[in-house]
Amino acid sequence: MMRQHSPDIRIITALPAEAKPINHHFSLQRDNRITAFPLFRNEELMLVVSGVGQQAAAAATQWLHGHSPPRHNSLWINIGIAGHATRELGQAILADRVCNDQGADISIATPAVPAFARATVVTVAQPTADYPDDRIYDMEAFGFISVASRLLPPGAGQCLKIISDNRDNPMRSISAKLVSGLISDKIDTLVELIEHWDI
């Protein structure tokens, strides 16, 4: 449950399986009037399922900003699965920098909460089982943050990634059930991020 004076929350996920436990926890309902993207909402929170890839994430973020302009205290979060060479499945990572595979990068001002693990996220165009360094790999964060950093105040766009695969647990083992379970297990982390948003 969020605070009495909760900020205006917007969430972008790529997959329905990522959205499902969030929708359940916050009692979000599908807005069937909207056809551009699947949109789920209550009075304080909106969630859009963008589809896979940084272009889809960018388009959904741009669309949501135009469809429902944010208030002064809005917090926008891209939450989803990601891979890393050695980090344990289910670990939650808050991105403090997001890069793409073309060499562009954007720094993110993250909340001053020591409990959040932080790392650089690299957004790639295709799924990869190769983790060449100590960075997190996903397919949407850069698309989201490239739009959020242009349209929102510094730090109002955050990327929360949950480790779903590593060298010992390859991508082929990922299922919708696993994805929903990973996100469900980190709902408290998502709520903590929302609660620590400086409004």
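Just so you know, all these numbers are worked out from the coordinates, no wet-lab data involved. The shown structure was predicted, so the numbers you read here are calculated from the model rather than taken from an experiment. Don't worry about glycine lacking a Cβ; one is built from the backbone with ideal geometry, like all the others, and counts go over all protein chains shown.
Under Stokes-Einstein, with the Kirkwood radius over Cα pairs as Rh, the value for the stretch 131-194 at 10 °C and 1.306 mPa s is 115 µm²/s.
FRET efficiency for the ASP134 to THR35 pair, using the beta carbon distance and R₀ = 45 Å, is estimated at 0.65.
Here the gap between SER107 and ALA125, fully extended at 0.36 nm per residue and compared with their Cα-Cα distance, gives a gain of 4.5 nm. With a ≥ b ≥ c taken as the square roots of the eigenvalues of the C-alpha gyration tensor of the chain, please select rounded if a/c is under 1.5 and otherwise prolate if a/b is larger than b/c or oblate if it is not? Rounded, because the longest to shortest axis ratio a/c is under 1.5. Quick one: helix 141-151 against the long Cα principal axis of the chain, what's the angle to the nearest 10°, folded into 0 to 90? The answer is roughly 40 degrees.
Counting other Cβ atoms within 10 Å as a rough exposure proxy, the listed residues ARG33, ARG172 run ARG33, ARG172 from fewest neighbours to most.
Between GLY157 and TRP76, the built amide H atoms are under 5 Å apart, and every one of these is 5 or more places off in sequence or on another chain. A protection proxy built from the mean count of other Cβ atoms within 10 Å ranks the segments 89-96, 11-18, most packed first, as 11-18, 89-96.
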